[in-house]
Amino acid sequence: MKLYQFAISHFSEKVRWALDYKNLNYQPVFLLPGTHSKQIRRMAPGSSVPVLDHDGEIVQGSAEILDYLERHFPEKSLSGDDANSKADALAWQQRLDDEAGPAIRTWAYHYLLQRPKQVAPMLTAQTPVYNRYLLRLGFSRVDEVMRDWMKINQKTADKAQQTLDSLLEELDAAYQTSGYLVGGGFTLADLTAASLLAPLFMPEKYPVPWPDTRRLPAPMKDWIAQKQPKLARVAEIYRLHR
Ligand SMILES: N[C@@H](CCC(=O)N[C@@H](CS)C(=O)NCC(=O)O)C(=O)O
């Protein structure tokens, strides 16, 4: 198996985690955001990562890949104990993929793109080191293209922060009952929450050099610090199950 991905991609982290959790061997292929699309479009309909190549069978999209892995490698299931749990876990995954994923991305890039020195090593992580220098050289264009492509500006970042505020409240409440989102154990719902929110608690195992939080733009630094209590359980789940 080969996994085409960006190191920084939190959707890719979902799949890295599922593959590791199931003890499956795979070859990681780390791509550079921007130059990736040609290579991905040769294999799949869209340009997004993650993409899994399993002996020539191509699967694009983190939810589709998790579903594929559950069907082909059912041991160490991530789908809960019964059909109801599976449906609940999938519903959480869909909501988090649709809401948390894009919101984190908009919010974090809005501030990180203001710090080229910190974001360049993250965008180029696990690729040849010259990419970091090339990216720094062309940074103003990278900034412009990324903002334009993902519609990132102060207004969309503020809206993303509101989305995250209410989602974090909801997750915190949901975690009070059993410590897991579905039933009493770890499922792909928790894996999705902890992967997509990882940029807010910056776990060591995630394959990028996280920025020094003291040097982040003040609104980013302050909001992250303020939200740590609400993130305590997902951060713990990452530590326990990743
Ligand atoms: N719903 C998709 C979202 C994937 C996604 O947004 N990937 C981003 C990186 S986190 C990407 O590849 N962006 C570049 C592109 O779309 O060409 C999934 O779950 O895989």
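The values are calculated or read from the model by the stated rules, or taken from the named source; none is laboratory data. Not measured: the values here are computed from a predicted model. Neighbour counts are summed over all protein chains in view; Cβ atoms, including those assigned to glycine, are modelled from backbone coordinates with ideal geometry.
Quick notes on this one:
Here's the yes/no breakdown for (1) in a loop (DSSP other than H, G, I, E, B); (2) among the aromatic types (Phe, Trp, Tyr); (3) surrounded by 16 or more Cβ atoms within 10 Å (Cβ to Cβ); (4) at pLDDT 95 or above:
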| position | (1), (2), (3), (4) |
| --- | --- |
| Arg147 | no, no, yes, yes |
| Ala160 | no, no, yes, yes |
| Glu169 | no, no, no, yes |
| Ala174 | no, no, yes, yes |
| Ala194 | no, no, yes, yes |
| Pro211 | yes, no, yes, yes |
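- The residue of the range 90-119 that is surrounded by the fewest Cβ atoms within 10 Å (Cβ to Cβ), among those that are small (Gly, Ala, Ser) and under 17 Å from the mean Cα position of the chain (by Cα), is Gly101.
- Evaluating Pro128 against the criteria (1) under 20 Å from Ala7 (Cβ atoms); (2) assigned to a helix (DSSP H, G or I) leaves one unmet condition, (2).
- Within the range 196-207, tally of residues that are crowded, with 20+ Cβ neighbours inside 10 Å and not in a helix (DSSP H, G or I): 1
- Qualifying residue in the range 57-64 (condition: surrounded by 21 or more Cβ atoms within 10 Å (Cβ to Cβ), under 28 Å from Gly138 (Cβ atoms) and within 16 Å of the chain's Cα centre (by Cα)): no
- Ala103 vs. criteria at pLDDT 95 or above and away from the ligand (no atom under 15 Å from the Cβ): no
- Residue within the range 232-241 that is crowded, with 20+ Cβ neighbours inside 10 Å, assigned by TED's automatic domain parsing to the domain that holds Asp172, outside any helix (DSSP H, G or I) and in contact with a Phe, Trp or Tyr (Cβ under 9 Å, 6 or more places away or on another chain) present: no
- Evaluated against (1) free of Cβ contacts under 8 Å to residues at least 24 places away in the same chain; (2) not small (Gly, Ala, Ser); (3) not in a helix (DSSP H, G or I), Leu181 falls short on exactly one condition, (1).
- Criterion violated by Met122 - all others in (1) hydrophobic (A, V, I, L, M, F, W, C); (2) surrounded by 14 or more Cβ atoms within 10 Å (Cβ to Cβ); (3) more than 23 Å from Val29 (Cα to Cα) satisfied: (3)
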